[in-house]
Amino acid sequence: MHSDAWPYISVIGDKLFQPILDLMEKLSLIRFGRPNEVQTSPAENGHAVAVVLLAVVMLESIVGRVRALRRETEPHGLVHSYLNGLICDEALKSQVAELFVLRDVIAHNHVWSGQVYDDGDLRFDGNPELLKGYGDKKFRCAQDQSSRMKTCLG
């Protein structure tokens with residue numbers, strides 16, 4: 001054993017940091033049309049979705065490394081719950097929780113249905129509804145029902 005050796009715990013997900021920054025930079029440089037009530041532009045939405053998914057995957061990977069460095073071998077449930085135990089700032093806890101909800105919305109495709117019309121802008125004719133069987137308790141808690149936006153992250 002070398003006296004100058006240190007612990008090495010392999011993690012791949014932290015390598016996503018630069019690609020996330022690259023996507024965010026590209027997102028900031030692309031000219032998008034303004035979003036309407038129904039959707040954002042496909043290019044904006046695609047880049048934003050990729051950033052969210054990669055950020056959550058990176059967080060999950062880093063939490064795995066933290067658990068290994070702390071020599072925690074027992075399962076600790078969901079990553080966002082584990083992070084809540086580490087974070088002291090309540091506002092940050094809420095934002096991290098919503099980030100995981102947003103990941104679930106993207107990955108599990110929470111499907112909405114509604115009637116739309118076009119008056120120069122695409123608009124809903126009435127309130128769209130989340131189809132039965134989609135969404136969960138975390139999703140409902142993080143959703144402002146009137147705006148259909150997340151309560152912390154918007």
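The values are calculated or read from the model by the stated rules, or taken from the named source; none is laboratory data. This one's a predicted model, so the numbers in the text were calculated from it and none came from an experiment. Reconstructed Cβ throughout: ideal geometry from the backbone, glycine too, with neighbour counts over all protein chains shown.
In the stretch 114-128, what residues are exposed (fewer than 11 other Cβ atoms within 10 Å of the Cβ) and either among the charged types (D, E, K, R) or within 20 Å of Val49 (Cβ to Cβ) (or both)? Scanning the stretch 114-128 gives Asp118, Asp119, Asp125. Suppose we keep only residues that are farther than 27 Å from Met58 by Cα and of a type outside the set (A, V, I, L, M, F, W, C) within the stretch 1-14. Which one would you say is modelled with the lowest pLDDT? It comes out as His2.
Residue pairs whose Cβ atoms lie under 9 Å apart, separated by 6 or more positions or on different chains, with the first residue in the stretch 70-89 and part of a helix (DSSP H, G or I) and the second among the aromatic types (Phe, Trp, Tyr) and surrounded by 13 or more Cβ atoms within 10 Å (Cβ to Cβ), are Val79/Phe100; His80/Phe100; Leu83/Phe100. For the stretch 76-84, the count of residues that are modelled with pLDDT under 85 and within 28 Å of Ser113 (Cα to Cα) is zero.
Test Arg31 against the criterion of being over 30 Å from Asn127 (Cβ atoms), among the charged types (D, E, K, R), over 15 Å from the mean Cα position of the chain (by Cα) and not in a helix (DSSP H, G or I), and give yes or no.
Spelling it out, Arg31 is indeed over 30 Å from Asn127 (Cβ atoms), among the charged types (D, E, K, R), over 15 Å from the mean Cα position of the chain (by Cα) and not in a helix (DSSP H, G or I).
Scanning the stretch 68-88 finds no residues that are surrounded by fewer than 17 Cβ atoms within 10 Å (Cβ to Cβ) and touching a Leu at 6+ places or on another chain (Cβ under 9 Å).
Taking the conditions (1) assigned to a helix (DSSP H, G or I); (2) within 30 Å of Val116 (Cα to Cα); (3) out of contact with any Phe, Trp or Tyr (no Cβ under 8 Å at 6 or more places or on another chain) in turn, Ala43 satisfies each one other than (3). Could you tell me whether the stretch 15-24 includes any residue that is at pLDDT 85 or above, touching a helix residue (DSSP H, G or I) at 6+ places or on another chain (Cβ under 8 Å) and among the polar types (S, T, N, Q)? The answer is no; no qualifying residue exists.
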